[in-house]
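Readers should treat all values here as calculations from the given coordinates under stated rules, not as data from a laboratory. Treat the numbers as computed from the prediction; the structure is a model and nothing was measured.
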């Protein structure tokens with residue numbers, strides 16, 4: 001007599017994923033390949049955007065604090081890493097300040113500086129949002145792609161059952177169960193994509209808020225010739241060592 005574990009292994013071999021792909025034919029295999037590609041690209045986007053956002057958030061904490069401790073804007077810009085988002089904001093502000101003096105028609109410097117920095121923010125936000133539309137698309141469509149595989153699988157199963165004339169539960173459960181695997185795969189692809197999209201969007205919103213605050217402070221600083229400077233919290237002092245501790 002076979003044990004329950006042996007029976008489960010036999011059932012898995014007979015009605016597992018590979019069997020479902022073999023029984024489903026080209027259509028099921030194509031749908032499976034599409035789901036795999038969608039999942040791989042989604043995870044790649046989530047990983048790369050997470051790294052990119054992490055760098056920007058680090059600059060918003062450490063780089064901004066170092067910038068405001070500098071003696072001038074041109075000196076402070078070197079406190080940011082090259083090609084970083086906050087360095088681009090400062091570079092664009094300096095460029096706008098230089099361009100204002102070359103304008104033929106008189107324009108208020110405050111408005112020119114504000115519009116230039118706003119364009120810079122919009123460009124950075126657009127770059128940070130690159131790829132998120134794909135995550136949203138995967139999250140909304142992959143369940144339906146999996147459902148399509150299920151519908152086709154059940155259709156094939158019903159044809160086989162009708163041709164054999166045997167509709168007993170042991171004959172129906174296997175093919176139908178194989179077809180439902182595609183729905184499960186669609187959900188496995190969709191859930192991480194939706195969660196990743198929402199999380200990355202929330203982090204992008206946080207970055208946008210910090211950039212907006214920095215730009216407002218920078219605008220006030222440059223328009224006042226350094227008279228208006230935001231307060232910067234001093235770094236926390238190192239914890240004192242207990243008495244008797246070795247240096």
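Table for the structure above
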{"read-out": "Length added when fully stretched, residue 33-residue 144, from 0.36 nm per residue minus Cα-Cα", "value": "38.5 nm"}
{"read-out": "Segment residue 229-residue 61, length gained on full extension (0.36 nm per residue, minus Cα span)", "value": "58.8 nm"}
{"read-out": "Whole-angstrom gap from region 110-159 to region 35-59, using each part's C-alpha centre", "value": "13"}
